[in-house]
Amino acid sequence: MASTSVPDNYYAVPIGETQMVILKRYENLRLIGSGAQGIVCAATDTVTNKPVAIKKLSRPFQNVTHAKRAYREFILMNLVNHKNIIGLLNAFSPQREVNEFNDLYIVMELMDANLCQVIQMDLDHERLSYLLYQMLCGIKHLHSAGIIHRDLKPSNIVVKSDCTLKILDFGLARTAVEAFMMTPYVVTRYYRAPEVILGMGYGENVDVWSVGCIFGELIRGRVLFPGADHIDQWTRIIELLGTPDSQFLSRLQTTVRNYVENRPKYQPVPFETLFADNMFPPGADNARLTAAKARDLLARMLVIDPEKRISVDDALAHEYVNVWYDASEVSGISIIL
């Protein structure tokens, strides 16, 4: 903060190595997460008597890039209203003068865990299917508003003990119109779609690829494509899914195509091997929730060519998830950004 004074309705509290200056209505702060985008604390809202999460954005106005990310996250959380998207409860800054405006705090609903923790659990087909359904509903809702998330990963998806799921962290989100010529350095590497890695134009299906990677990780209990760097990420993908055909390669830029064509050629590993029956829970009460159905959906999501990859709408209609189908949850919104 440019000034060391604390406004009357705020108080200062150290959280780890960070000084938080918080509205007095929020008490009992405890650290629950931190990263490049900021730090997150659990707290109690004494006005509503409900638990909340408070995120202090990391240096949101340090430069234009940081400012844009903070703006996107704030605006999208405020505009998008859906049960599977984390909502904005409040936002505040302890600074009152423009020349002192350095800190931004966002208040959200507090969830119980993120998918990083859930991945370590043994989930039955009902929970696997329901979590996937909710991810797809949330993404459908964003896409209907013209928004591509671009940074889906287990740490950006949070759940409650009743299996309710919400998507968060919109710092990298873009409108679909903007996305076509965007930089390839979006989406955490492990969940980065092939068209992004190869510098192609991309659209909504980058989010479908990421959801497929997350779904596969929930089944296998470990990252599906753990690339060490940008190039190794591509190698990890083709080692499992096989080298793409010439029709796909013809759409690459010449230098990229030459590189890809000179890599070792791989045959795809059968999905029955990648996601063997013993990786799945035993049979479910609903006959449609089987390992074979889950594999079929994964095989449609994890397709290198985005033009052949399943759409969100078709994924929601797939037998493995449509057992949960509710039109009010699936329908999009009319706001177009």
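Footprinting exposure proxy ranking of Thr188, Thr254, fewest other C-beta atoms within 10 angstrom first, gives Thr254, Thr188. Mean separation of Cα pairs under 8 Å and 6 or more residues apart, divided by the residue count, gives segment 113-330 a relative contact order of 24 percent. When each of the peptides 311-319, 139-147 is scored by the mean number of other C-beta atoms lying within 10 Å of its residues, the order from highest to lowest reads 139-147, 311-319. Ranked by how many other Cβ atoms sit within 10 Å of their own Cβ, fewest first, the residues His149, His82, His230 fall in the order His230, His82, His149.
For segment 27-93, what does the alpha-carbon gyration tensor say about shape, rounded, prolate or oblate, given a ≥ b ≥ c as the root eigenvalues, a/c under 1.5 as rounded, and a/b over b/c as prolate? It is oblate, given that a/c is not under 1.5 and a/b is not larger than b/c.
Helices assigned as whole DSSP H runs in the chain whose Cα atoms extend at least 18 Å along their own long axis and whose mean Kyte-Doolittle hydropathy is 0.0 or higher are found at 205-220.
Largest mean-square fluctuation among Asn114, Asn286, Asn205, in a Gaussian network model of the chain whose springs join Cα atoms under 10 Å apart, belongs to Asn286. Post the alpha-carbon centroid distance, segment 10-49 to segment 284-301, in whole angstrom. About 42 Å separates the Cα centre of segment 10-49 from the one of segment 284-301.
Our Cα-only numbers for the chain put the radius of gyration and Dmax at 21.2, 66 Å. For segment 277-284, backbone phi angles converted through the Karplus equation (6.51, -1.76, 1.60; θ = phi - 60°) give residue-by-residue couplings of 4, 6, 7, 9, x, x, x, 9 Hz, Gly and Pro being listed as x.
Computed over segment 99-138, the P(r) curve from all C-alpha pair distances, binned at 5 Å from the origin, holds 6, 14, 18, 20, 12, 8, 7, 6, 5, 3, 1 percent per bin. Derived scalar couplings between HN and Hα for segment 191-197 equal 10, 7, 6, x, 5, 6, 4 Hz in order, rounded to whole Hz, by the Karplus curve 6.51 cos²θ - 1.76 cosθ + 1.60 (θ = phi - 60°), x for Gly and Pro. A Gaussian network model of the chain, with springs between Cα atoms under 10 Å, assigns the largest mean-square fluctuation among Arg72, Arg257, Arg96 to Arg96.
Laboratory data are not the source of any read-out in this text; all were calculated from the coordinates shown. Given the structure is predicted, the values throughout are model-derived calculations rather than measurements. Counting neighbours? That spans all protein chains shown, and the Cβs are built from the backbone with ideal geometry, glycine included.
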